[in-house]
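The values are calculated or read from the model by the stated rules, or taken from the named source; none is laboratory data. Owing to the predicted nature of the structure, the values given are computational and were not obtained by experimental measurement. Cβ sites come from the backbone with ideal geometry, for glycine too, and all protein chains shown count toward neighbours. Ligands, DNA and RNA are stripped out before the accessible areas are found, and what is left, the full protein with its side chains, is counted by its heavy atoms. Shrake-Rupley method; radii C 1.70, N 1.55, O 1.52, S 1.80 Å.
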Amino acid sequence: TLKIKQDAIAKVKAEWLPQLQRTIAKISEQFSENFAQIACAGQVTLAGDGSREHGGYGDDFKEYSLEIRVKFRANEDMHLLDSHRQSGGERSVTTMLYMIALQPFTSAPFRVVDEINQGMDARNERKVFKRMVEAASQKNTPQCFVITPKLLTQLEYSEDCTVMCIFNGPHVHEMAKRWREMQASFDAASAPVTC
């Protein structure tokens, strides 16, 4: 009976493992392209239970994982993403570019990203935001909501983007008053002149 169970496991594995490997290869290709756009390098690979160096994957499926390798500087090799080697900003960049790479392979109707830019320097925030706008502006992609207390000025948006500023906090009444005054002056300036 052990042989029968092992044969059943092997049959199921032969069906899903190649499909999983193809999907991960496509995700890795997208991920690498995203990293190339910001002048860095990255890849996603499937790691097995240690038998990978022998040309295969083991049957201890709980040991399977995705490995994300990145390179942020020209003078270094790609390394496994971890909190000891990469900064918080670099990990945020990697997470965002990985999420963008996943976009064509998922069917979620929308995405919500909360404060992903907080650890990034201005250079990386600008590059990642540009990639997000490009990815979100593709046909048949889900909506992407980015929630953040601040964005850089002069970011590039496409016609497919909508920016909503939500005022909150102790000074909201003063800001709302200023906004109404500013809007009234714009309306007065753009009103048609009648003779």
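Here are a few things to note about the model shown:
- Taking the listed residues Ser92, Ser83, the one that is loosely packed, with under 11 Cβ neighbours inside 10 Å and either outside any helix (DSSP H, G or I) or touching a residue at least 24 places away in the same chain (Cβ under 8 Å) (or both) is Ser83, with no other qualifying.
- Residue satisfying condition, being more than 12 Å from the chain's Cα centre (by Cα) and under 19 Å from Phe35 (Cβ atoms), within set His84, His79: His79
- For Ser158: the one exception among (1) among the hydroxyl-bearing types (Ser, Thr, Tyr); (2) open to solvent by less than 70 Å² (accessible area, probe 1.4 Å); (3) more than 24 Å from Ala39 (Cα to Cα): (3)
- Screening Gly48, Gly55, Gly42 for residues that are surrounded by 14 or more Cβ atoms within 10 Å (Cβ to Cβ), at pLDDT below 90 and among the small types (Gly, Ala, Ser) leaves exactly one candidate, Gly48.
- For Gln103, the stated conditions do not hold, so it cannot be described as out of contact with any Lys or Arg (no Cβ under 9 Å at 6 or more places or on another chain), surrounded by 10 or more Cβ atoms within 10 Å (Cβ to Cβ) and among the polar types (S, T, N, Q).
- So Phe129, is it aromatic (Phe, Trp, Tyr), open to solvent by less than 60 Å² (accessible area, probe 1.4 Å) and not in a loop (DSSP other than H, G, I, E, B): yes
- Test: residue in region 134-147 that is open to solvent by less than 80 Å² (accessible area, probe 1.4 Å), among the charged types (D, E, K, R) and either within 18 Å of the chain's Cα centre (by Cα) or over 20 Å from Ile38 (Cα atoms) (or both): yes
- Within region 143-189, tally of residues that are touching a residue at least 24 places away in the same chain (Cβ under 8 Å) and either touching a Pro at 6+ places or on another chain (Cβ under 8 Å) or of a type in the set (Ser, Thr, Tyr) (or both): 4
- Checking Ile68, Ile27 one by one, the residue that is open to solvent by less than 80 Å² (accessible area, probe 1.4 Å), modelled with pLDDT of 90 or more and either on the phi > 0 side of the Ramachandran plot or assigned to a helix (DSSP H, G or I) (or both) is Ile27 and no other.
Results for (1) more than 23 Å from Thr23 (Cα to Cα); (2) in a loop (DSSP other than H, G, I, E, B); (3) at pLDDT below 85, shown as yes or no for each residue.
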residue: Arg111; (1), (2), (3): no, no, yes
residue: Asn117; (1), (2), (3): yes, yes, yes
residue: Met120; (1), (2), (3): yes, yes, yes
residue: Arg123; (1), (2), (3): yes, no, no
residue: Gln138; (1), (2), (3): no, yes, yes
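- Filter result for the condition that a residue is within 30 Å of Phe110 (Cβ to Cβ), of a type in the set (Lys, Arg), open to solvent by 80 Å² or more (accessible area, probe 1.4 Å) and at pLDDT 75 or above, over Lys150, Lys177: Lys150
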